[in-house]
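What follows is a short report on a single structure.
The values are calculated or read from the model by the stated rules, or taken from the named source; none is laboratory data. All of these numbers come straight from a predicted model, not from anything done at the bench. No Cβ is skipped: glycine too gets one built from the backbone with ideal geometry, and neighbour counts run over all protein chains shown. For the accessible areas, the whole protein counts, side chains as well, though only heavy atoms, and no ligand, DNA or RNA atoms are used. Shrake-Rupley method; radii C 1.70, N 1.55, O 1.52, S 1.80 Å.
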Amino acid sequence: MKLQLALDLVDINGAIEVVKEVENHVDVVEIGTPVVINEGLKAVKEMKKAFPDMTVLADLKIMDAAGYEVSQASASGADIVTILGAAEDESIKGAVEEAKKQGKEILADMIAVQDIEARAGELDQLGVDYICVHTGYDLQAVGKDSFADLAAIKKVVKNAKTAIAGGIKLETLPEVISHNPDLIIVGGGITGQEDKASAAKQIKELITQG
Ligand SMILES: O=C(CO)[C@H](O)[C@H](O)COP(=O)(O)O
């Protein structure tokens, strides 16, 4: 199990400052969708320049023109690029093909997918590297979580790695860990804490203990 830090509500400099604090405790740094919307792929480029050895994920949540968008994110230094699991199969295939060509990985985000189990099985066959169950901010606000979805995809996914995101905090981490996903994505559970390094360290330690 690896830990991904999601950076959503910061600018490029703010993102780099947070990573300086927690880099020893995280495996992957995510440039979140709001950051990409505000700052473009320059944010990915600057993060990779500042931390060349860190795995950087560009949370583009691609819906169309997938091959092209993956190529652009790859050129900016992204190691992993996200596509929406709800995208057309042709888009998923385009993303996977381009990522393979560039030696990168694709994470399919299951946000807003209705039949999680069926779509996870299809995405697995289409060759994505990660399938991520995700309760976005708008559903977190009405008290939803993704624990049942994680258990559902674990039953059908044979090749891809599994991931979970959305409102995960130290308190909810044991339940997440009990499902043994390959990647645990935490944003506000680290960035919203006064002592970010300590939060990241505690989360990483729990994950490492399994
Ligand atoms: O992709 C996202 C929102 O769409 C976030 O990066 C993801 O939900 C993780 O952040 P948090 O732990 O704060 O929910």
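Here are some notes:
- For VAL18, the conditions (1) open to solvent by less than 10 Å² (accessible area, probe 1.4 Å); (2) touching a residue at least 60 places away in the same chain (Cβ under 8 Å) all hold with the exception of (1).
- When the residues of the stretch 77-98 are filtered to those that are within 20 Å of GLY40 (Cβ to Cβ) and in a helix (DSSP H, G or I), the one that is most open to solvent (accessible area, probe 1.4 Å) is GLU98.
- Contact map, the stretch 23-38: residues that are on the phi < 0 side of the Ramachandran plot paired with residues that are of a type in the set (Phe, Trp, Tyr) and open to solvent by less than 40 Å² (accessible area, probe 1.4 Å), Cβ distance under 8 Å, separation 6+ or inter-chain. Pairs shown: GLU23/PHE51; VAL29/PHE51.
- Meets criteria (in contact (Cβ under 8 Å) with a residue 24 or more places away in the chain, out of contact with any Cys (no Cβ under 7 Å at 6 or more places or on another chain) and over 18 Å from HIS25 (Cβ atoms)) for ILE153: yes
- Inside the stretch 13-45, residues that are closer than 23 Å to ILE83 by Cβ, in a helix (DSSP H, G or I) and away from the ligand (no atom under 16 Å from the Cβ) make up a count of 2.
- Filtered by the rule that a residue be away from the ligand (no atom under 12 Å from the Cβ), in a helix (DSSP H, G or I) and open to solvent by 40 Å² or more (accessible area, probe 1.4 Å), the stretch 158-195 gives PRO174, GLU175, SER178.
- Conditions (1) in contact (Cβ under 8 Å) with a residue 60 or more places away in the chain; (2) farther than 15 Å from ILE185 by Cβ; (3) open to solvent by less than 30 Å² (accessible area, probe 1.4 Å): number failed by VAL10: (3)
- Flag if LEU206 is part of a loop (DSSP other than H, G, I, E, B), more than 21 Å from VAL35 (Cα to Cα) and either without any contact (Cβ under 8 Å) to a residue 60 or more places away in the chain or within 11 Å of the ligand (Cβ to nearest atom) (or both): no
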